[in-house]
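A short worksheet on the structure shown next.
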Amino acid sequence: MQTKIFAPALIAAMLAGAVVAADKPVAVVNGVAIPQAQMDFILKQLAERGAKDSPELRTKIRDDLITKEVIAQEAAKQGLNKSADVQVESAMAQQNVLLKAFVQNYQKTNAIPEATLKAEYDKLKAQMPSKEYKARHILVKTEAEAKTIIADLKKGKKFEDIAKAKSEDPGSKANGGDLGWAAPTNFVKEFGDAMTGLQKGQVTQNPVKTQFGFHVIKLEDVRTPQGPGFDEVKAGLQQQLQGQQLDKLIADLRGKAKVE
């Protein structure tokens, strides 16, 4: 096997050619070069959204860039780049790009330590309700109607059937009065107190009056909520705590700024 030996001058020429190829513009429109960096930037954005690089995609991007350059050149010929509104909008667009870069750089360089995230998770978990309740209810306008329903339930009528026929609550009526799993604090106090006073399978023996009307409540089950695990919420906590720190930083910057 013969080994190829390149002279230093030839190697330099090859490297120079590689650089030129990398810096070769996407296209030249009326003497104005569209840099490869624009193509690369768009490809990166599309890749983050799940698009796959391909010759067809690059052709489409190139066509779009050429079209935009042609229009931009024509707009400049018409003097639109000198318009006060265009100049203001251009300045604001540049400002928004800087703002985005500032936030992204902050997020990249100021990650919240794992121990801090875990401490925040433990604090939030401690604030979770100790019990969750699965209940049904039937809402009616008068106490007399509620008492009649309680009497019908004692006679063996199904709670779900009565709820579908008579309940005034549009959110649960179609589901037989089902309220799903919830903490007592999700309800008004009178309702929550009556619900937690029941045993599984029990129905309130007296109508429960709230600001909405009169309720007949059935408790179906009770459980201890587990809540999401730390790994499930870690990214959200990172974003939340970083956001709080960033808000404080911005407030500090504004406090130090000289505003006239």
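The values are calculated or read from the model by the stated rules, or taken from the named source; none is laboratory data. Bear in mind that the values here come from a model prediction, so they are computed numbers and not experimental data. Note that each Cβ is placed from the backbone with ideal geometry, even for glycine, and that neighbours are counted across all protein chains shown.
Got a number for residues in the stretch 124-169 being over 30 Å from G227 (Cβ atoms) and either part of a loop (DSSP other than H, G, I, E, B) or in contact (Cβ under 8 Å) with a residue 24 or more places away in the chain (or both)?
19
Only one of these is hydroxyl-bearing (S, T, Y), assigned by TED's automatic domain parsing to the domain that holds G213 and in contact with a Gly (Cβ under 9 Å, 6 or more places away or on another chain): T142, T148. Name it.
T142
Counting just the residues of the stretch 118-155 that are within 17 Å of N206 (Cα to Cα) and loosely packed, with under 13 Cβ neighbours inside 10 Å, which one comes out nearest to the chain's Cα centre (by Cα)? Quick ask: steps written out before the conclusion?
Initial filter on the stretch 118-155 (within 17 Å of N206 (Cα to Cα)): 135-155.
Next, only the ones that are loosely packed, with under 13 Cβ neighbours inside 10 Å stay: 141-142, 144, 151, 154-155.
Values: K141: 40, T142: 43, A144: 47, A151: 48, K154: 48, K155: 50 Å.
Among residues in the stretch 118-155 that are within 17 Å of N206 (Cα to Cα) and loosely packed, with under 13 Cβ neighbours inside 10 Å, the one nearest to the chain's Cα centre (by Cα) is K141.
Please state which of the following conditions K200 fails to meet, knowing it meets all the rest: (1) basic (K, R); (2) within 38 Å of the chain's Cα centre (by Cα); (3) surrounded by 14 or more Cβ atoms within 10 Å (Cβ to Cβ).
Evaluating K200 over (1) basic (K, R); (2) within 38 Å of the chain's Cα centre (by Cα); (3) surrounded by 14 or more Cβ atoms within 10 Å (Cβ to Cβ) leaves (3) as the failure.
Here are D193, D247, D169: which of them is surrounded by 14 or more Cβ atoms within 10 Å (Cβ to Cβ) and either within 22 Å of A151 (Cβ to Cβ) or not hydrophobic (A, V, I, L, M, F, W, C) (or both)?
Details: D193 fails: surrounded by 14 or more Cβ atoms within 10 Å (Cβ to Cβ); D247 fails: surrounded by 14 or more Cβ atoms within 10 Å (Cβ to Cβ).
Matching residue, one of D193, D247, D169: D169.
Among the residues of the stretch 195-216, is any assigned by TED's automatic domain parsing to the domain that holds E168, assigned to a helix (DSSP H, G or I) and either within 21 Å of E160 (Cβ to Cβ) or not polar (S, T, N, Q) (or both)?
Taking the stretch 195-216 first, the residues assigned by TED's automatic domain parsing to the domain that holds E168 are 195-216.
When the remaining residues are screened for being assigned to a helix (DSSP H, G or I), the result is 195-196.
Keeping just the survivors that are either within 21 Å of E160 (Cβ to Cβ) or not polar (S, T, N, Q) (or both) gives 195.
Looking through the stretch 195-216, at least one residue is assigned by TED's automatic domain parsing to the domain that holds E168, assigned to a helix (DSSP H, G or I) and either within 21 Å of E160 (Cβ to Cβ) or not polar (S, T, N, Q) (or both).
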